[in-house]
Amino acid sequence: MSKLEETLALHIRALKLPEPVREYRFHPVRRWRFDFAWPDYRIAAEVEGITCYGRNKNGTLKLGRHQTAKGVSADMEKYAEAMALGWSVFRCDAKLINSGRAVEVITQMMKLREAA
């Protein structure tokens with residue numbers, strides 16, 4: 001578990017939100033997983049970590065898997081399938097998590113699902 005994931009988990013516990021399922025496999029066939037999931041609400045949170053890993057010898061950026069064209073495309077397919085299955089997927093980064101905004105959005109998403 002990454003430091004960002006630990007921070008988000010701490011915020012979730014501090015606000016006494018329902019405990020998420022970690023590494024939740026949501027798709028009936030594919031092996032895709034969500035970082036955090038609340039299956040009863042069909043809400044997921046995906047923590048977006050490091051976007052680049054420095055530079056190659058030629059000076060170009062070393063991108064993380066999720067930032068390459070192939071990785072972005074694979075993530076788009078994953079999120080499209082999740083939404084087709086009725087999931088709301090919230091992607092959050094360090095700024096959203098550390099500021100507390102991520103847990104605010106998750107709370108709001110839960111309230112909207114409860115009201116529906």
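Of note:
- Looking across Gly54, Gly86, Gly59, one residue alone is exposed (fewer than 12 other Cβ atoms within 10 Å of the Cβ) and at pLDDT 95 or above. It is Gly86.
- Pairs are defined by a Cβ separation below 7 Å, a sequence spacing of at least 6 or placement on different chains, a first member in region 92-103 that is in contact (Cβ under 8 Å) with a residue 40 or more places away in the chain, and a second member that is of a type in the set (Asp, Glu); the pairs so defined are Cys92/Glu48; Asp93/Glu48.
- Residue match in region 85-104 (condition: out of contact with any Cys (no Cβ under 9 Å at 6 or more places or on another chain), within 20 Å of Arg33 (Cβ to Cβ) and among the small types (Gly, Ala, Ser)): yes
The values are calculated or read from the model by the stated rules, or taken from the named source; none is laboratory data. Small disclaimer: the values here were computed from a predicted structure and weren't measured. FYI the Cβ positions are ideal-geometry reconstructions off the backbone, even for glycines, and counts take in every protein chain you see.
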